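Asks: Got a structure here, written out as structure tokens. Questions coming.
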Amino acid sequence: MKTNNPHLSVVTPVYGCGDCIMQLYNRLKETLEKITRDFEIIMVEDCSPDQSWSVIQQLTNRDVRVKGIKLAKNFGQHVAITAGLDEAHGDWVVVMDCDLQDQPEEITKLYAKTAEGYDVVFARRHERHDTLVKKWESKLFYKVYDYFTEGKSDPTIANFSISSRKVIENFQQMREQNRNFPLFITWMGFDTAAVDVEHQQRISGTSSYNLSKLINLAIDGIVSQSNKPLRLSIKFGFLLSFGALIYGLYLMYQYFFMFEPVPGWTSIMVSIYFIGGLIFANLGVLGLYMGKVFNEVKDRPLYIIQESIGFQEHNVEKSVPVLASKNK
């Protein structure tokens, strides 16, 4: 329940954006102080190849409301978001990217929408400032994902959002290795809304989501959310068997009633290669699911924290390396 002076948390995964972190902080500070002075900014450095961590350290020394988490290796954007959410204590929690395509000033719109009783408010990028290739890859990703999961996604919605405390607490209970923040939030079924926001050009670095990574993200999301590929392989197997039966009856009719010799070697070899390819494909689909199950039953932590700073009030010493598992 919202109070007159709510505690806001902002969680942002940091990778390859060291040049814009200072600007991100300044704009966040200016925006959040218009809502409340009781806020925290949690920056999760996902083993970035630039100077991001040193900038985060400077900010934590300047402002006690800034907190930093350095992961031991690159675990991926959605795991980094999870690491930040595990340490967020706000009544309302904002998740946003660090490259300033998500504008901090738009948080005011998201927060205002929660006054209508929504538990989650997503930012809808009504006009995306990405390259045509990036837009095409994103649309392809969501079309493939929606087909296999039998859902309906909005390609204009990404991570930028604000969620209530109870939403985040329920999200923290979801510890699957294959993670997708907005899909998990949507799946939970809380009252959700979306507001139009301005989407800007990327200020620093380049997107790490190329077509190959988007395909892998789609495969992980599909396998974790749906068994439709398995059902499709079963249906296709029955269809192929039915076709083979019809073709066999036709050959028998041709041989016994039309007295025509049936050429054997070519059709047999083609059939063997065709059936063999399908078997390998179906085994691959089955093996993919088994591999994901294998990853889950190992029960490894989602991430390892190498160092965290600014969490004194939570019994974490400042600037002391910490190895911590977070598989709650």
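Asks: Can you report the number of residues in the range 193-202 which are modelled with pLDDT under 90 and over 28 Å from Tyr303 (Cα atoms)? Write out each step before concluding.
Replies: Of the range 193-202, the ones modelled with pLDDT under 90 are 198-202.
Remaining after also requiring over 28 Å from Tyr303 (Cα atoms): 198-201.
Count: 4.
Asks: Every residue in the range 309-324 that is modelled with pLDDT of 80 or more and either in contact with a helix residue (DSSP H, G or I) (Cβ under 6 Å, 6 or more places away or on another chain) or within 19 Å of His78 (Cβ to Cβ) (or both), please. First the steps, then the outcome.
Replies: Here is the first cut: in the range 309-324, the residues modelled with pLDDT of 80 or more are 309-311.
Across the range 309-324, the qualifying residues are Ile309, Gly310.
Asks: Still on this structure, I have one more. Among the numbered criteria (1) over 21 Å from Arg175 (Cβ atoms); (2) not in a helix (DSSP H, G or I), which one does Lys113 miss?
Replies: The single condition Lys113 does not satisfy is (2).
Asks: Identify all residues within the range 87-96 that are crowded, with 20+ Cβ neighbours inside 10 Å and in a loop (DSSP other than H, G, I, E, B); write none if there are none. Write out each step before concluding.
Replies: If we filter the range 87-96 for residues that are crowded, with 20+ Cβ neighbours inside 10 Å, which is where we start, we get 87-88, 90, 92-96.
Across the range 87-96, the qualifying residues are Ala88, Gly90, Met96.
Conditions tested, residue by residue: (1) crowded, with 21+ Cβ neighbours inside 10 Å; (2) under 22 Å from Phe184 (Cβ atoms).
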position: Arg37; (1), (2): no, no
position: Leu59; (1), (2): yes, no
position: Cys98; (1), (2): yes, yes
position: Pro104; (1), (2): yes, no
position: Ala112; (1), (2): no, no
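Asks: Test of understanding: among Phe190, Phe160, Phe181, which residue is of a type outside the set (Val, Ile, Thr) and within 18 Å of Leu302 (Cβ to Cβ)? Show your work before the answer.
Replies: Working: Phe190 fails: within 18 Å of Leu302 (Cβ to Cβ); Phe160 fails: within 18 Å of Leu302 (Cβ to Cβ).
On inspection, the qualifying residue turns out to be Phe181.
Asks: Any chance you could count how many residues in the range 29-52 are of a type in the set (Asp, Glu), touching a helix residue (DSSP H, G or I) at 6+ places or on another chain (Cβ under 8 Å), within 24 Å of Trp92 (Cα to Cα) and assigned to a loop (DSSP other than H, G, I, E, B)?
Replies: 1
Asks: Being in contact with a strand residue (DSSP E or B) (Cβ under 8 Å, 6 or more places away or on another chain) and in a helix (DSSP H, G or I) is the filter here, so list the residues in the range 137-189 that pass it.
Replies: The first filter runs over the range 137-189 and keeps only residues in contact with a strand residue (DSSP E or B) (Cβ under 8 Å, 6 or more places away or on another chain), leaving 154, 156-165, 167-168, 171, 181-182, 185-186.
Across the range 137-189, the qualifying residues are Arg165, Val167, Ile168, Phe171, Phe181, Pro182, Ile185, Thr186.
Asks: I'm checking my understanding of the structure. Among residues of the range 17-29 that are in contact (Cβ under 8 Å) with a residue 40 or more places away in the chain and surrounded by fewer than 18 Cβ atoms within 10 Å (Cβ to Cβ), which one is farthest from Ser163 (Cα to Cα)?
Replies: Narrowing the range 17-29 to residues in contact (Cβ under 8 Å) with a residue 40 or more places away in the chain: 17-21, 23-25, 27-28.
Narrowing the set further to residues that are surrounded by fewer than 18 Cβ atoms within 10 Å (Cβ to Cβ) leaves 19, 23, 27.
Numbers: Asp19: 28, Gln23: 24, Arg27: 20 Å.
For the range 17-29, the residue satisfying everything is Asp19.
Asks: Looking at Val121, Val79, Val55, which is the one that is under 18 Å from the mean Cα position of the chain (by Cα) and in a helix (DSSP H, G or I)? Talk me through it step by step, then tell me what you get.
Replies: On the way: Val121 fails: in a helix (DSSP H, G or I); Val55 fails: under 18 Å from the mean Cα position of the chain (by Cα).
Exactly one residue qualifies, and that residue is Val79.
Asks: Cβ-Cβ under 7 Å, sequence separation 6+ or interchain: first residue in the range 287-306 and without any contact (Cβ under 8 Å) to a residue 60 or more places away in the chain, partner loosely packed, with under 13 Cβ neighbours inside 10 Å. Which pairs?
Replies: Cβ pairs passing all conditions: Asp299/Asn327; Pro301/Ser325; Pro301/Asn327.
Asks: Here's something else I'd like to know. Just to be sure I understand, how many residues within the range 268-301 are under 26 Å from the mean Cα position of the chain (by Cα) and of a type in the set (Gly, Ala, Ser)?
Replies: Residues of the range 268-301 that are under 26 Å from the mean Cα position of the chain (by Cα), as a first pass: 284-301.
Adding the requirement that they be of a type in the set (Gly, Ala, Ser) leaves 284, 287, 291.
The qualifying residues number 3.
Asks: I'd like the residue in the range 244-290 that is of a type in the set (S, T, N, Q) and surrounded by 12 or more Cβ atoms within 10 Å (Cβ to Cβ) and, out of all such residues, is modelled with the lowest pLDDT. I'd like the intermediate steps shown before the answer.
Replies: Going through the range 244-290, the residues of a type in the set (S, T, N, Q) turn out to be 254, 266-267, 271, 282.
Now restrict to residues that are surrounded by 12 or more Cβ atoms within 10 Å (Cβ to Cβ): 254, 267, 271, 282.
Numbers: Gln254: 75, Ser267: 67, Ser271: 73, Asn282: 76.
For the range 244-290, the residue satisfying everything is Ser267.
Asks: Quick test of your reading of the structure: Pro49 fulfils all but one of (1) under 20 Å from Ile157 (Cα atoms); (2) out of contact with any strand residue (DSSP E or B) (no Cβ under 8 Å at 6 or more places or on another chain). Name the failing condition by number.
Replies: The one condition Pro49 does not meet is (1).
The values are calculated or read from the model by the stated rules, or taken from the named source; none is laboratory data. Remember, predicted model here, so these are calculated numbers, not experimental data. Virtual Cβ from ideal backbone geometry, glycine too; neighbours counted across all protein chains shown.
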